[in-house]
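I have placed the structure first, in the form of structure tokens, so that the comments after it can refer back to it.
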Amino acid sequence: MVNEIEELRKRQIRAWPQLAQGIEGLARARTRRLRIDWFDIFVRHIPHRAASTTAAVDRESIAKRPCFLCVGNLPAEEEGVPFGDNFTLYLNPFPIVDCHLTIVHRHHRLQRIAYELGNMLDFAAALTGYFIIYNGAECGASAPDHLHFQAGSRVLFPIEKDTSALTGPTVPNYLRKVFLFRGSDRAALIDRMEHAIGLLAETTGRREEPLVNIAAFQENGEWTVYLFPRAKHRPDVFYTRELTVSPAAIDLCGIFVLPLADDFAKVTGDAIAALFREVTLPEAQFCEVVDQLERER
Ligand SMILES: [Zn+2]
């Protein structure tokens, strides 16, 4: 699969100017390493992410715009490759990381993770060297109305290094709240993830789907899954315009995207730490879920 993607990438860079421009934009992106406590955050200034960071994703705005993931609305030059039974894989024209892909369901259906965890793990198994992410409809997905995942190269994927010695189910003192699951038994792993998502739905009163971002990868037959339970989508500094940020899975994994140059120059580790605390689940609710998970192990 990875070779097929590389071929697609070469063809699309030649055929699709917007993608070539996006890849050039990423090559020009500046990245600054910020030490926070015992881990690093890679702050990345990517001007071409401005539209996505500030996109209106409320129900009304979404209903008014043509869906940019439906096949009929894609740019004429955009080409994908089939992936699994129901998905197509495309190059993302606004990349945050190398080999940034979008994995799109063939049909226009809501962004929901229920019954899709198995697909997510299968994508991780098929894409060696990549991470796969899911952004919940209300916490980072720019197309909350069309089921999709993203993938990207793990050459820079800070959370993997941060957690390499840990077995879960949490990552202590990491500022952002996250569940960590590892395993090579696909069905057992899906059970644990579903269970955690169910507990989050109960605890937060979000019965349809709790606010979550998920990242997963596979190495030597073992999956690693990071499940970020969210308290809210955008932090207060977004609305006060102090910082133009809209954190989703990639930011929580340690690549913090800032589309504005001023923000890139001024952002501090303390500001990012505060923002992580604000957008992920509060301590008390998180501990409640952790206790239940541990009790039932
Ligand atoms: Zn659609």
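The values are calculated or read from the model by the stated rules, or taken from the named source; none is laboratory data. Values in this document were obtained by computation on a predicted structure and should not be read as measured data. Here the Cβ is made from the backbone with ideal geometry for all residues, glycine too, and neighbour counts use every protein chain on show.
Listing for the model above:
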{"item": "Cβ-Cβ under 6 Å pairs, at least 6 apart or on other chains, the stretch 195-214 side in a loop (DSSP other than H, G, I, E, B), far side at pLDDT 95 or above", "result": "ARG207/ALA201; GLU209/ARG112; PRO210/LEU200; PRO210/ALA201; LEU211/GLY136; LEU211/ARG230"}
{"item": "Those residues of the stretch 219-247 which are closer than 15 Å to LYS177 by Cβ and small (Gly, Ala, Ser), in sequence order", "result": "ALA231"}
{"item": "Residue ID - farthest from the chain's Cα centre (by Cα), chosen from residues in the stretch 192-245 that are aromatic (Phe, Trp, Tyr) and within 18 Å of THR53 (Cα to Cα)", "result": "TYR239"}
{"item": "Test for THR88: is it outside any loop (DSSP other than H, G, I, E, B), within 22 Å of the chain's Cα centre (by Cα), of a type in the set (Val, Ile, Thr) and under 28 Å from ALA265 (Cβ atoms)", "result": "no"}
{"item": "Residue check for VAL267: over 16 Å from ILE214 (Cα atoms) and buried (at least 16 other Cβ atoms within 10 Å of the Cβ)", "result": "yes"}
{"item": "First in the stretch 69-86 and under 12 Å from ILE103 (Cα atoms) and more than 16 Å from the ligand (Cβ to nearest atom), second anywhere and among the polar types (S, T, N, Q) and assigned to a strand (DSSP E or B), Cβ under 6 Å, 6 or more apart", "result": "PRO82/THR88"}
{"item": "Some residue of the stretch 116-129 being of a type in the set (Phe, Trp, Tyr) and either outside any helix (DSSP H, G or I) or touching a Cys at 6+ places or on another chain (Cβ under 7 Å) (or both)", "result": "no"}
{"item": "Cross-chain or 6+ apart pairs with Cβ under 9 Å, the stretch 280-297 first and surrounded by 10 or more Cβ atoms within 10 Å (Cβ to Cβ), then of a type in the set (A, V, I, L, M) and not in a helix (DSSP H, G or I)", "result": "THR280/LEU175; THR280/VAL178; THR280/ALA231; LEU281/LEU211; LEU281/ALA231; PRO282/ALA231; GLN285/ALA231; VAL289/LEU281"}
{"item": "Which listed residue is touching a helix residue (DSSP H, G or I) at 6+ places or on another chain (Cβ under 9 Å) and surrounded by fewer than 16 Cβ atoms within 10 Å (Cβ to Cβ), from ARG176, ARG186", "result": "ARG186"}
{"item": "Checklist (1) under 17 Å from the mean Cα position of the chain (by Cα); (2) not in a strand (DSSP E or B) applied to ILE62, failing item", "result": "(1)"}
{"item": "Total residues in the stretch 246-281, condition assigned to a helix (DSSP H, G or I), under 18 Å from the mean Cα position of the chain (by Cα) and not hydrophobic (A, V, I, L, M, F, W, C)", "result": "3"}
{"item": "Identity of the residue in the stretch 135-155, farther than 14 Å from HIS233 by Cα, more than 16 Å from the ligand (Cβ to nearest atom) and not small (Gly, Ala, Ser), that ends up surrounded by the fewest Cβ atoms within 10 Å (Cβ to Cβ)", "result": "VAL155"}
{"item": "Selection from the stretch 36-68 of residues that are closer than 20 Å to ILE96 by Cβ and among the polar types (S, T, N, Q)", "result": "SER52, THR53, THR54"}
{"item": "From ARG44, ARG35, ARG49, ARG59, residue being surrounded by fewer than 13 Cβ atoms within 10 Å (Cβ to Cβ) and more than 16 Å from the ligand (Cβ to nearest atom)", "result": "ARG35"}
{"item": "Boolean, PHE131 is away from the ligand (no atom under 16 Å from the Cβ), at pLDDT below 95 and within 27 Å of GLU24 (Cβ to Cβ)", "result": "no"}
{"item": "The one condition in (1) outside any helix (DSSP H, G or I); (2) more than 26 Å from VAL245 (Cα to Cα); (3) of a type in the set (Gly, Ala, Ser) that GLY72 fails to fulfil", "result": "(1)"}
